[in-house]
Amino acid sequence: MTRKLFGTDGVRGRANTYPMTAEMALKLGAAAGRFFRRDGGSAHRVVIGKDTRLSGYMLENALTAGLTSTGMNVLLLGPVPTPAVGFLTRSMRADVGVMISASHNPHQDNGIKFFGPDGFKLSDEAEAEIEALLEGEIQLAQAANIGRARRIEDGRGRYQEFVKTTFPAGLRLDGLKVVIDCANGAAYRAAPEVLWELGATVVPVGVSPNGTNINDRCGSTHTQTAAEAVVAHGADVGICLDGDADRVMILDEAGRVADGDQIMAMMASRWAMDGKLRGGALVATVMSNLGLERFLTGQGIGLERTAVGDRYVVERMRAGGFNLGGEQSGHIVMTDYATTGDGLIAGLQFLAEMARTSHKASALVRQFDTVPQMLKNVRFAAGKTPLEQASVQAVIAANTARIAGKGRILIRKSGTEPLIRVMAECEDEGMLVQVVDEIVGAVEAVV
């Protein structure tokens, strides 16, 4: 069974345009409600969280209508990070969790992603079954069995208290000045409060959401704002989250950026030394830098690669019994603590290492030298299939042969946006630029 509506991270698109319309959200809610209803009993429960996008109100109401129409009782969390939904789905014994967010995308976009009762994102197969329900006649609840909805006022607080338990006992952040950039998103209250409660001097950035400024020149995809704040305030470190706070970038005291690969390298090395790294390996995607792989090999640590998307990282971790994985983009998955990427918990792990070692951030953010890597995106129109064109395939084949033994090429269609992503790595930077530009040019010629 194939999926048409769901991408690599739920359903996503431009707000008020298919599939991100109120009508589709209502139908999707009803289909998900029917899929997750347990046989027997009457306690059918769903938790819904969202980030700070203006369209979140519309989608939240529509999803609630669809879910209650099938007899689900809806608990509304308000703005909370995506990992909070995974945590609270399990904690509140819900049948399903829903997060309304388009993550790092601009405010015009929005998305819907589902978590099962175990707090983990749904499998491809489960999403395909929900799509199949959408195409048929959804059985609604009898009038007496329609669900109820109510707001949960302390959902964010429950998550914050849990997050603090992941910070090592006996350590505090006293004496550390931390810039925290919340991207005007879901963690705009949770992240600064947790850091302050653990003893840090907090410099908040991106904590004034207005519905349209999420990820706007701030957050993990635009670290310059936080970097300037780190330097201006003489901070020890910067933590940049994205709109739904499931990914993170770390800045040292000079504002230099450490991506997910560097953060995972530090954590894998430390966990291995402490005997905490299960399976003796890190799980990362095909996008992670070759330098990470070389570093791990030197530490006697394996690297398991997956398709792009934190859900595929989690699936491999669960199947292989691994407890640390993530993506170069900043999703850091620690299944000892969370069911999905958690930018705040990952940031705390980095701060814990600073507190434990008394090292500056600059001594921790550069774990390995990266192999030169280049990534370019090419936007294409609906209905176009650029990667299937013979001219594009010929250029890809020629450059793959050219770079063989010196690097690698990875070309893929984005699962969340109409983009072709062209990535290559090569020790020869001149060749790297030529290879990427030739492939990009070939794709642009047919879009």
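Look at the stretch 102-129: where a residue is touching a residue at least 60 places away in the same chain (Cβ under 8 Å) and a partner is surrounded by fewer than 19 Cβ atoms within 10 Å (Cβ to Cβ) and of a type in the set (Ser, Thr, Tyr), sitting 6+ places away or on another chain with Cβ atoms under 6 Å, you get 107/212. Remark: residue 405 falls outside the filter, which requires a residue to be of a type outside the set (A, V, I, L, M, F, W, C), at pLDDT 95 or above and farther than 30 Å from residue 254 by Cα. Residues in the stretch 159-190 that are of a type in the set (Asp, Glu) and either free of Cβ contacts under 8 Å to residues at least 12 places away in the same chain or open to solvent by 70 Å² or more (accessible area, probe 1.4 Å) (or both): 161, 174.
Screening the stretch 373-413 for residues that are among the basic types (Lys, Arg) and closer than 14 Å to residue 431 by Cα and picking the one that is most open to solvent (accessible area, probe 1.4 Å) gives 406.
Residue-wise test of (1) of a type in the set (Lys, Arg); (2) within 30 Å of residue 184 (Cα to Cα); (3) within 15 Å of the chain's Cα centre (by Cα).
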| residue | (1), (2), (3) |
| --- | --- |
| 244 | no, yes, yes |
| 253 | no, yes, no |
| 262 | no, yes, no |
| 293 | no, no, no |
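When the stretch 262-317 is filtered for residues that are β-branched (Val, Ile, Thr) and in contact with a Lys or Arg (Cβ under 8 Å, 6 or more places away or on another chain), the ones remaining, listed by number, are 283, 285, 286, 306, 308, 314. Within the stretch 273-292, being assigned to a helix (DSSP H, G or I) and either touching a Gly at 6+ places or on another chain (Cβ under 9 Å) or modelled with pLDDT of 95 or more (or both) holds for 273, 278, 279, 280, 290, 292.
Among the residues of the stretch 418-446, which ones are outside any helix (DSSP H, G or I) and either in contact with a Lys or Arg (Cβ under 8 Å, 6 or more places away or on another chain) or surrounded by 17 or more Cβ atoms within 10 Å (Cβ to Cβ) (or both)? Listed by number, the residues that qualify are 418, 419, 420, 421, 422, 423, 424, 425, 426, 427, 428, 446. Filtered by the rule that a residue be out of contact with any Ser or Thr (no Cβ under 9 Å at 6 or more places or on another chain) and assigned to a helix (DSSP H, G or I), the stretch 293-314 gives 293, 294, 297, 298. Considering the stretch 315-346, and only residues there that are small (Gly, Ala, Ser) and part of a loop (DSSP other than H, G, I, E, B), the residue that is surrounded by the fewest Cβ atoms within 10 Å (Cβ to Cβ) turns out to be 321.
Report yes if residue 247 is open to solvent by 30 Å² or more (accessible area, probe 1.4 Å), touching a helix residue (DSSP H, G or I) at 6+ places or on another chain (Cβ under 9 Å), of a type in the set (D, E, K, R) and within 27 Å of residue 363 (Cβ to Cβ), otherwise no. So residue 247 does not fit the description; no. For the stretch 118-147, filtering for residues that are in contact with a strand residue (DSSP E or B) (Cβ under 7 Å, 6 or more places away or on another chain) and either part of a helix (DSSP H, G or I) or open to solvent by 40 Å² or more (accessible area, probe 1.4 Å) (or both) leaves 0. Where strands (runs of 3 or more DSSP E) fall entirely within the stretch 1-96, those with at least 3 residues that are within 21 Å of residue 119 (Cβ to Cβ) are at 45-50, 73-79.
The values are calculated or read from the model by the stated rules, or taken from the named source; none is laboratory data. For clarity, every value in this text was computed on a predicted model and none was experimentally measured. Don't worry about glycine lacking a Cβ; one is built from the backbone with ideal geometry, like all the others, and counts go over all protein chains shown. Note: accessible area is taken over every heavy atom of the protein model, side chains too, but ligands, DNA and RNA are not part of it. Shrake-Rupley method; radii C 1.70, N 1.55, O 1.52, S 1.80 Å.
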